[in-house]
Amino acid sequence: MNLLVNGKRIQVPATVKTITDVKNHFNITNPVVIVEHNGEILDKAKHPEKEVADGDKIELVQFVGGG
Amino acid sequence: MHDRYSRQILFSGIGAEGQEKLENKHALIIGAGALGTGSAEILARAGVGELTIVDRDYVEWSNLQRQQLYTEADAEERMPKVIAAKKRLEEINSGITIHAHIIDVTPVELEQLIHGVDLILDATDNFDIRMIINDTSQKYSIPWIYGSCVGSYGISYTILPGVSPCLHCLMENIPIGGMTCDTLGVISPVVQLVIAHQTAEALKILTEKTDRLRQELISFDLWNNQQSTIQVRSLKQQQCKSCGDHANYPFLDYENTTKAEILCGRETVQIRPSSRETKDLETLAIKLKKLGKVKQNPYLLQFTIGDDRLVLFRDGRVLVHGTNDAARARSLYHRYLG
């Protein structure tokens, strides 16, 4: 399956089915991350159930502390 | 009369009128590390009339790779960052006023610092202080610009009180034990890109061209060639305690601040975080082992790096040994624990 993640076309394995799977695929353990799925910001509670499909546009923004 | 600002005045977005506005404005920069030194240099060169820079730390050799106002002599002499920064900035522009304060900023200090300030620029390294900045910004209606970077990743967001969702709306909880430049490293180009975003927004605010503000949360990874902008207007929460209808500014409350207490006669400072969450010492141990020596038992973790020794308890408390200086202890705490 192909996804457009943060402006970059990326191929993910078929085991990636939900937003949580996408986060796991990118090893995102940061608890503070905003996810936009096809132009809509998702409630964090919906990440485990929200399914992704071929061609979906996903933006993942992580809050980091350094400066 | 020099023509030092001529290229900026020629730029149609600013012009002579914008330049005059800049000369009558006051920006407060919190933190004089990588982001703070870069932003301060740009604003000083741009002719912002008054700059206040605050920081609690001194210059170290590991700063020189990216903290652009400092020299080898500053590191050698362990010069307080704001003193070294002020000296260099006055060489760059003698026509503006620069205030430097060597302090550890808590809500009390911030309330004293913000009088007459038109904009707060975030150049800090932790979310404890950012939530304090966020609440102060809302309480006194002063815009602020969040900026941060780690590794090759950077992020920035501009908050106009009464208009934008605030940082508390965007972040339901405060990350603790997160990624920092001292645990994951950082490359200078991403620092510069965050600075570029923060200072461009700063110039718009200081020249009163707020209609030109970005209004989006922007993030980028320069090593992995990714970038993202998200429109976050929908995240504004009416019930937000920092910016909602019944705001009570929880992060200005002493109970919710991270506290540092000097333990008499022990050359130790105890840091007590505001949240009472149980800490995952095992995950922390894996991260810290890459940097220094870690010793562990079921109740606590001891981390030694160079001359510094930190002992972490599961309830979140940290003992910083070898110092009686609360600011130094806080600095080490945020450096290694986020």
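Name the helices (runs of 4 or more DSSP H) wholly within segment B:1-48 that hold at least 3 residues that are at pLDDT 95 or above and of a type in the set (D, E, K, R)?
In segment B:1-48, the matching helices (runs of 4 or more DSSP H) lie at B:15-23.
Looking at the structure I just gave you, is B:Q226 within 13 Å of another protein chain (Cβ to nearest Cβ), buried (at least 17 other Cβ atoms within 10 Å of the Cβ) and in contact with a Lys or Arg (Cβ under 8 Å, 6 or more places away or on another chain)?
Spelling it out, B:Q226 is indeed within 13 Å of another protein chain (Cβ to nearest Cβ), buried (at least 17 other Cβ atoms within 10 Å of the Cβ) and in contact with a Lys or Arg (Cβ under 8 Å, 6 or more places away or on another chain).
Got at least one residue in segment B:284-294 being within 14 Å of chain A (Cβ to nearest Cβ), surrounded by 18 or more Cβ atoms within 10 Å (Cβ to Cβ) and among the hydrophobic types (A, V, I, L, M, F, W, C)?
yes
Being surrounded by fewer than 22 Cβ atoms within 10 Å (Cβ to Cβ) and either more than 12 Å from chain A (Cβ to nearest Cβ) or modelled with pLDDT of 95 or more (or both) is the requirement here; does B:D245 meet it?
When the stated conditions are applied, B:D245 passes them.
Looking only at segment B:190-210, how many residues end up being out of contact with any helix residue (DSSP H, G or I) (no Cβ under 8 Å at 6 or more places or on another chain) and either open to solvent by 40 Å² or more (accessible area, probe 1.4 Å) or not β-branched (V, I, T) (or both)?
Final tally of qualifying residues: 5.
When you go through B:L184, B:L121 one by one, which is the residue that is buried (at least 23 other Cβ atoms within 10 Å of the Cβ), within 11 Å of chain A (Cβ to nearest Cβ) and not polar (S, T, N, Q)?
Going through B:L184, B:L121 in turn, the sole match is B:L121.
Pairs needed: first member in segment B:108-119, within 10 Å of B:H26 (Cα to Cα); second member anywhere, among the basic types (K, R); C-beta distance under 7 Å; at least 6 residues apart or different chains.
Listed pairs, sorted by first residue: B:D118/B:K25.
Under 30 Å from B:V54 (Cβ atoms) and either in contact (Cβ under 8 Å) with a residue 24 or more places away in the chain or within 14 Å of chain B (Cβ to nearest Cβ) (or both): which single residue out of A:V64, A:V52 fits that description?
Testing whether each residue is under 30 Å from B:V54 (Cβ atoms) and either in contact (Cβ under 8 Å) with a residue 24 or more places away in the chain or within 14 Å of chain B (Cβ to nearest Cβ) (or both) leaves just A:V64.
Looking at segment A:5-43, which of the residues that are of a type in the set (S, T, Y) and away from every other protein chain (no Cβ under 11 Å) is nearest to B:L222 (Cα to Cα)?
In this case the residue turns out to be A:T20.
Checking B:Y299 against (1) within 14 Å of chain A (Cβ to nearest Cβ); (2) surrounded by fewer than 15 Cβ atoms within 10 Å (Cβ to Cβ), only one condition comes out false. Which one?
(1)
Output the number of the condition that B:S62 fails; it satisfies all remaining conditions of (1) within 14 Å of chain A (Cβ to nearest Cβ); (2) on the phi > 0 side of the Ramachandran plot; (3) hydroxyl-bearing (S, T, Y).
(2)
Take A:L4 and tell me if it is part of a strand (DSSP E or B), surrounded by 15 or more Cβ atoms within 10 Å (Cβ to Cβ) and touching a Lys or Arg at 6+ places or on another chain (Cβ under 8 Å).
no
Among the listed residues B:E255, B:E261, which satisfies the condition of being open to solvent by 30 Å² or more (accessible area, probe 1.4 Å), touching a Ser or Thr at 6+ places or on another chain (Cβ under 9 Å) and among the charged types (D, E, K, R)?
Matching residue, one of B:E255, B:E261: B:E255.
Among the residues of segment B:214-221, is any more than 9 Å from chain A (Cβ to nearest Cβ) and either surrounded by 22 or more Cβ atoms within 10 Å (Cβ to Cβ) or more than 22 Å from the chain's Cα centre (by Cα) (or both)?
For segment B:214-221, residues more than 9 Å from chain A (Cβ to nearest Cβ) and either surrounded by 22 or more Cβ atoms within 10 Å (Cβ to Cβ) or more than 22 Å from the chain's Cα centre (by Cα) (or both): absent.
The values are calculated or read from the model by the stated rules, or taken from the named source; none is laboratory data. On a predicted model such as this, the values are computed, not experimentally measured, just so you know. Note that we place each Cβ from the backbone using ideal geometry, even for glycine, and neighbour counts take in every protein chain shown. Calculation scope for accessible area: heavy atoms of the full protein, side chains included, ligands and nucleic acids excluded. Shrake-Rupley method; radii C 1.70, N 1.55, O 1.52, S 1.80 Å.
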